1. Can you tell me which residue is nearest to Tyr103 (Cα to Cα) among those in region 1-42 that are in contact with a Leu (Cβ under 8 Å, 6 or more places away or on another chain) and touching a residue at least 60 places away in the same chain (Cβ under 8 Å)?
2. Give me a count of the residues in region 68-94 that are farther than 16 Å from Asp9 by Cβ and assigned to a strand (DSSP E or B).
3. Output the residues belonging to region 19-67 that are touching a strand residue (DSSP E or B) at 6+ places or on another chain (Cβ under 8 Å), exposed (fewer than 14 other Cβ atoms within 10 Å of the Cβ) and assigned to a helix (DSSP H, G or I).
4. Can Lys133 be described as at pLDDT below 90, charged (D, E, K, R) and either over 18 Å from the mean Cα position of the chain (by Cα) or buried (at least 17 other Cβ atoms within 10 Å of the Cβ) (or both)?
5. Considering each of Leu138, Leu97 in turn, give the residue that is surrounded by 14 or more Cβ atoms within 10 Å (Cβ to Cβ) and outside any loop (DSSP other than H, G, I, E, B).
6. Filter region 1-18 for residues that are aliphatic (A, V, I, L, M) and assigned to a strand (DSSP E or B); which is farthest from Thr113 (Cα to Cα)?
7. So in region 42-64, with the set limited to residues that are among the charged types (D, E, K, R) and over 14 Å from Val78 (Cβ atoms), which one is modelled with the highest pLDDT?
Amino acid sequence: MNCIIVDDDKMSCKILEGYVDKSTSLNLIGIFNDSVEARNILTRRKDIDLIILDIEMPEMNGFDFIGSLDFPPNIIIVSSAEQYALKAFDFNVVDYLLKPVSYGRFCKAIDKTIRYFTHKEAANTGDEEIFIKKGSSLVKLKLKDIIYIEALENYVTLNTKDDKFTIHFTMKAIENQLPSGIFIRVHRSFIINKSMIQTIKENSLDLNVGDTLKSIPVGKSFRDTLLNDINVMAR
């Protein structure tokens, strides 16, 4: 995995650099002593898989840094402050290490990241399988087979070519769990599988559902995000 270290503590950077060099799983792209410089490199490069990140830094702290990224990669927090640990996991960090970090604890965090990274890679191809309750049974379903998701008050329906599954979930919660490489929210009531899009119109889009097309509304606040997310060739 390609990684960067973002920490204004130069001694900590030196120690972490040594740990990274020992790991055959990691390739160090760069060390940054401020988060603004690190953010600039992340906007130019899309091949960084892991950020080893301090919290207390000038200009932009670690939490503001994570929040400024549309699609943050895996993140391991390295901090001398224990009080941020609970808040850090609200940002879906993989692990939280307290300074001074031992090599053994660092290795454990990297092993955890590799497992998480492998899981995300499977999810982003759509090959990940989930089990959905239907009646008294659990039905296996591949993520890539979900065509669209529709909100129904406190429930959502997962719609495939041949079936529909209703589960007790909010749209926000399920949106956070779905891989953004495959799914995108296009309306307050709809999340769609991008690979199923046939046509995008002014206020709606058509999805391939077997041999038919399903029209899905596109909300005004979601349209620009949708168009920026797909490949559009125009003149």
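The values are calculated or read from the model by the stated rules, or taken from the named source; none is laboratory data. The model shown is predicted, which means the values in this text are computed figures rather than measured ones. Positions of Cβ are generated from backbone atoms using ideal geometry, with glycine treated the same way; all protein chains shown enter the neighbour counts.
1. Leu26
2. Within region 68-94, residues that are farther than 16 Å from Asp9 by Cβ and assigned to a strand (DSSP E or B) number 2.
3. Result: Asp21, single match.
4. Here the answer is yes, as Lys133 does meet what is asked.
5. The unique qualifying residue is Leu97.
6. Val6
7. Narrowing region 42-64 to residues among the charged types (D, E, K, R): 44-47, 49, 54, 56, 59, 64.
Cutting the leftovers down to over 14 Å from Val78 (Cβ atoms) gives us 44-47, 49, 59, 64.
Numbers: Arg44: 89, Arg45: 86, Lys46: 83, Asp47: 88, Asp49: 89, Glu59: 87, Asp64: 94.
The selected residue is Asp64.
Yes/no per residue for (1) of a type in the set (Ser, Thr, Tyr); (2) closer than 30 Å to Tyr116 by Cβ; (3) surrounded by fewer than 17 Cβ atoms within 10 Å (Cβ to Cβ); (4) not assigned by TED's automatic domain parsing to the domain that holds Pro72:
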site: Ile149; (1), (2), (3), (4): no, yes, no, yes
site: Asn154; (1), (2), (3), (4): no, yes, yes, yes
site: Glu175; (1), (2), (3), (4): no, yes, yes, yes
site: Leu207; (1), (2), (3), (4): no, no, no, yes
site: Ser215; (1), (2), (3), (4): yes, no, yes, yes
